[in-house]
Amino acid sequence: MTGSLPLLGLLVLGVGLLLRLRPALVVVAAAVVTGLLAGMPIYRAELQLLADPPAPEGILNMLGRAFVENRFVSLFIITLPAIALSERFGLQERAAAVIQQVRAATVGRLQIVYQLFRVLVGALGIRLNGHAAFVRPLLFPMSVGLGAVEPPLAQAASLEKDERRLEEIKATDAAAENYGNFYGQNLSPVQPGILLVYGALKALGYEVSLWRMVLFSVPVVCSSLILGAVQFLLLDRRERRRGR
Amino acid sequence: MAGVAGTIFSLGAVYVIAGLVLVCFAILTVADRRHPRRWGPGAFWCVLGIVFIFGSVLPHWVSGLLVIVMVALDGAGQVRAGLAADRGAARPHGASRPGNQIFLPVVAIPMVTFAFALTFRALGMDANRGALVGLGYGSLAAMALVLRLTGSTPRELMAEGRRLNELMGPVNILPQLLASLGVIFTAARLGDPIASGIVRLVPADHLFLFVVANCLSMTVLTMVLGNSFAAFPVIAAGVLVPLIIQPFGADPAAVAILTLSVGASGTLMTPMAANFNLVPVALLGMKSEYGVIRAQLPFAVALWTIHVVLMWSIIRFVR
């Protein structure tokens, strides 16, 4: 009856995020617009919902019910006090010390180990911004050390070449973080991504097992590690050729 | 006796604990006189705490109003991330610094999570629920451990948690809001026009082509929105369920998680995912703004292809 009109809610979502408005506001605005265009009432008294036959749910009722039923998606907030206090007492420095003990002979091998490390962190159910926590302060300086990029004292001709090598190392360091982070987190049944999938499927009438989702993430994680390794070892090969 | 244990080790109890933690954060924020804008975040996290504690007993429209209040506070710029005054609190003295033992609390969380899931399963209860309850009690165990190891006070523990939570900011509730958006999308039958549009585009009732359409639409929408979590509820309702799970009887858990993770290929290729692709460019001082994306392109395309083949084989051969 209302046909494709609610699709405009999707437009609100896309345009709002594209304009960099506050994402939470955009999401709720999209929900309200979608509901209105689908002909839902804004609000319905609880009693009317219990009537027989029940009145259709209002947008406010549905938003509240959905948010309450999906509380488990934000449950990771409960882990923050312990993680934050551990950080204050040197959790990141200790993790850094562990990574620094890695005796990688080349940049590429270091990146392979780092991606593995990030998969492990994700599988433990820990969320963190690795670019700020590990890549900038740790992985990047270590990679530069291994790449033995000459300081810009070299002659003008090789200066430009060094700059391109440095740029390539920076880009692949960032990529190693993203690969490990994106795919590793699906190995934990309590990461928000997997819980969001669980919640969305439940809304559509399918109750699935979190563990089965973890199981089917394993081949993806293995593929991502192999593909990452290929990319990082190719970087090593280019480095060796340039070295000659 | 079993009833008491059933109440203590229930998801409802864990929600109450999480709500109390959030209310603690809010109180500490409001009590922090050096905070540049303490009332906004204080109100935001307090309201979230109330929804966690009382969500199951409040009328749903009241919870809905509370969600609107939170989002309005954030929209009015009252809850910006990173405002928490990080005054580099007194570093702990060398004497009580734990060495590698500092890993123990963090590792305790997944171990307890897993133990609860196994126990629930052994008792013939829902292992999903067990993992969530375990996450709650795992976090409590980690708090106790870290207090013991460092000799800190519970107040310091909560103050650090509040700092980290405020640093991350309101994005922390984004996945939960997106899951709620999925519920409204489903009720509005948003999937129907999308599904019929794709059916019109795909020449025949062909499993492989539907898998390609599913993965392609997920990736493209993720690139536009810059976020695979935002794209998933739309694709699940519009493509995955009506065109793949229903007609072909595919394993919902398998194809759903693969659909989410094929979205990550989109995240790797889009400047809209600024946190992952543009922030490192700035952090590392790179010359080319799209250098990270360019480096990720071949990987993203190759893994996308693997997802298509994997999803098709699972539907075709795994029963």
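List the residue pairs whose Cβ atoms are under 7 Å apart, where the first residue sits in the stretch A:204-223 and is under 20 Å from B:VAL241 (Cα atoms) and within 7 Å of chain B (Cβ to nearest Cβ), the second is buried (at least 17 other Cβ atoms within 10 Å of the Cβ) and of a type in the set (S, T, N, Q), and the two are 6 or more positions apart or on different chains.
A:LEU204/B:THR186; A:SER209/B:ASN128; A:LEU210/B:ASN128; A:SER217/A:ASN186; A:SER217/B:SER261
Say we look at the stretch A:6-19 and pick out the residues that are more than 9 Å from chain B (Cβ to nearest Cβ) and either β-branched (Val, Ile, Thr) or not in a helix (DSSP H, G or I) (or both); which of these is surrounded by the fewest Cβ atoms within 10 Å (Cβ to Cβ)? Please lay out each step first, then the result.
Residues of the stretch A:6-19 that are more than 9 Å from chain B (Cβ to nearest Cβ), as a first pass: A:8, A:11-12, A:15-16, A:19.
Cutting the leftovers down to either β-branched (Val, Ile, Thr) or not in a helix (DSSP H, G or I) (or both) gives us A:12, A:15, A:19.
Numbers: A:VAL12: 18, A:VAL15: 12, A:LEU19: 8.
Only one residue tops the list, namely A:LEU19.
Please work out if B:PRO298 is at the interface with chain A (Cβ under 9 Å from one of its Cβ atoms), in a helix (DSSP H, G or I) and surrounded by fewer than 17 Cβ atoms within 10 Å (Cβ to Cβ).
When the stated conditions are applied, B:PRO298 passes them.
In the stretch B:239-261, which residue that is touching a residue at least 24 places away in the same chain (Cβ under 8 Å), facing another protein chain (nearest Cβ under 9 Å) and in a helix (DSSP H, G or I) is surrounded by the fewest Cβ atoms within 10 Å (Cβ to Cβ)?
Looking at residues that are touching a residue at least 24 places away in the same chain (Cβ under 8 Å), facing another protein chain (nearest Cβ under 9 Å) and in a helix (DSSP H, G or I), I get B:ALA254.
Is it true that B:ARG189 is touching a residue at least 60 places away in the same chain (Cβ under 8 Å) and not assigned by TED's automatic domain parsing to the domain that holds B:ARG34? Explain how you work it out, then say what you get.
Working: touching a residue at least 60 places away in the same chain (Cβ under 8 Å): no; not assigned by TED's automatic domain parsing to the domain that holds B:ARG34: yes.
So B:ARG189 fails the test.
Of all residues in the stretch B:301-319, how many are facing another protein chain (nearest Cβ under 7 Å) and among the small types (Gly, Ala, Ser)?
1
Could you tell me whether the stretch B:225-235 includes any residue that is more than 7 Å from chain A (Cβ to nearest Cβ), part of a helix (DSSP H, G or I) and within 30 Å of A:SER86 (Cβ to Cβ)?
yes
What residue, of B:LEU58, B:LEU65, B:LEU22, is surrounded by fewer than 18 Cβ atoms within 10 Å (Cβ to Cβ), at the interface with chain A (Cβ under 8 Å from one of its Cβ atoms) and in contact with a helix residue (DSSP H, G or I) (Cβ under 7 Å, 6 or more places away or on another chain)?
Values: B:LEU58 fails: in contact with a helix residue (DSSP H, G or I) (Cβ under 7 Å, 6 or more places away or on another chain); B:LEU22 fails: surrounded by fewer than 18 Cβ atoms within 10 Å (Cβ to Cβ).
Criteria check complete, one pass: B:LEU65.
Given the condition modelled with pLDDT of 85 or more, part of a loop (DSSP other than H, G, I, E, B) and under 27 Å from the mean Cα position of the chain (by Cα), answer yes or no: does some residue in the stretch A:64-72 qualify? Don't jump to the end; show me each part of the working.
Here is the first cut: in the stretch A:64-72, the ones modelled with pLDDT of 85 or more are A:64-72.
Filter once more, so that each one left must be part of a loop (DSSP other than H, G, I, E, B): A:70.
Checking which are under 27 Å from the mean Cα position of the chain (by Cα) leaves us with A:70.
Looking for residues that are modelled with pLDDT of 85 or more, part of a loop (DSSP other than H, G, I, E, B) and under 27 Å from the mean Cα position of the chain (by Cα), one finds at least one in the stretch A:64-72, hence yes.
When you look at B:ILE173, is it buried (at least 24 other Cβ atoms within 10 Å of the Cβ), within 7 Å of chain A (Cβ to nearest Cβ) and either in contact (Cβ under 8 Å) with a residue 60 or more places away in the chain or touching a Phe, Trp or Tyr at 6+ places or on another chain (Cβ under 9 Å) (or both), yes or no?
yes
Among (1) out of contact with any Pro (no Cβ under 8 Å at 6 or more places or on another chain); (2) surrounded by fewer than 24 Cβ atoms within 10 Å (Cβ to Cβ); (3) part of a helix (DSSP H, G or I); (4) more than 7 Å from chain A (Cβ to nearest Cβ), there is one condition B:GLY285 misses while meeting the rest; what is its number?
Result: B:GLY285 passes all but (3).
Testing B:ALA5 on (1) assigned to a helix (DSSP H, G or I); (2) in contact (Cβ under 8 Å) with a residue 24 or more places away in the chain; (3) out of contact with any helix residue (DSSP H, G or I) (no Cβ under 7 Å at 6 or more places or on another chain); (4) farther than 30 Å from A:ILE42 by Cβ, one condition comes back false. Which one is that?
(2)
Report whether or not B:PRO92 is touching a Ser or Thr at 6+ places or on another chain (Cβ under 7 Å) and either crowded, with 18+ Cβ neighbours inside 10 Å or modelled with pLDDT of 90 or more (or both). Break it down into steps so the answer makes sense when it comes.
Values: touching a Ser or Thr at 6+ places or on another chain (Cβ under 7 Å): yes; either crowded, with 18+ Cβ neighbours inside 10 Å or modelled with pLDDT of 90 or more (or both): no.
No: the conditions fail for B:PRO92.
The values are calculated or read from the model by the stated rules, or taken from the named source; none is laboratory data. All values reported here derive from a predicted model rather than from experimental measurement. FYI the Cβ positions are ideal-geometry reconstructions off the backbone, even for glycines, and counts take in every protein chain you see.
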